[in-house]
Amino acid sequence: MKPLLSVLIAIFSISTAFSDPITATIIFENFTEKTTISGVFFIKETNQRLEINSLEKFTITLPRKGKYQFGFYSKDVNASTYYPVRITERKNTVTIRLENNTADPEAVSINRSLSMKDISNFSIEQIEEGINNGTINFIVHGLLAINPEAIKIFKVDYGVGFISENCVVDPIAFKTATNTNKKIEAYLTLKFGEEWKNKLPALPFGL
């Protein structure tokens, strides 16, 4: 039995290692008056950043089918990115929806001094106090576009905002983001169960 199990594991490992690359198509839904766009398309897992200067659809090659996080950032518009949970041969379209830039500073912050605050050692009372003061925020990395209205609704419902960072620049920032987001996740799950995760407008780093 053990030799058979070893063979099966070896076959699975070889097939995984030599998985075929897969192509994804990126399209734009333009709800602005702009006819051109400048921005950066980001793939978290492969750490790719592509300069985009057109609204024409384009394709990218990924190492294999599976889960990926995509984002698009432009200073000119608000962008929301939609894509399947897993990229496969049949589900391989990434949609970038562009809307006029109406970011609400109360909902989304880009203040790096706030994002560096590690709350992993906070008690429940400290987290609740921070929520009441508006200082408890998920950290989002990787040029992930955030819909301001969706963030605002989430903050009204759960008291937690979002801080948007362009990228993880060092191990300390990486650790801080992960620790902070997991602490908030544990608190919200304790208070609201798992249902709140279905209302996340963006995936916090480390979750």
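The values are calculated or read from the model by the stated rules, or taken from the named source; none is laboratory data. Nothing here was measured: the structure is a model prediction, and the numbers come from that model. Cβ sites come from the backbone with ideal geometry, for glycine too, and all protein chains shown count toward neighbours. The area values use the complete protein model at the heavy-atom level, side chains included, leaving out ligands, DNA and RNA. Shrake-Rupley method; radii C 1.70, N 1.55, O 1.52, S 1.80 Å.
At 7 Å along the Cα-to-beta-carbon direction for both GLN48 and LEU190, put a label point, then send me their distance in nm to one decimal.
So the label points at GLN48 and LEU190 sit 4.1 nm apart.
Report ILE131's accessible area, 1.4 Å probe, all protein chains in place, as a number in Å² to the nearest 10.
That residue has around 30 Å² of solvent-accessible surface.
Counting Lys +1, Arg +1, Asp -1, Glu -1, what net charge surrounds LYS197 among other residues with beta carbon under 14 Å of its beta carbon?
Net charge in that neighbourhood comes out at -1.
Just the accessible area for LEU203, please: 1.4 Å probe, Å², rounded to the nearest 10?
70
Using r as the Cβ-Cβ distance of ASN133 and LYS197, and R0 as 25 Å, what FRET efficiency do you calculate, to the nearest 0.05?
Details: r = 24 Å, r/R0 = 0.96.
Rounded to the nearest 0.05, the efficiency is 0.55.
What residues of segment 78-99 lie in the reach of a label at VAL40, counting those whose backbone N is under 16 Å from a point 7 Å from the Cα along Cα→Cβ?
Answer for this model: 79.
How long is the gain from ASN30 to ASN101 if the chain were fully straight, where each residue apart is worth 0.36 nm and the alpha carbon distance is subtracted?
My answer for the length gained is 24.3 nm.
Setting aside same-chain residues fewer than 8 positions from LYS175, which lysines have a Cα under 18 Å from its Cα?
The reachable lysines, counting only those whose Cα sits under 18 Å from LYS175, are LYS44, LYS117, LYS183.
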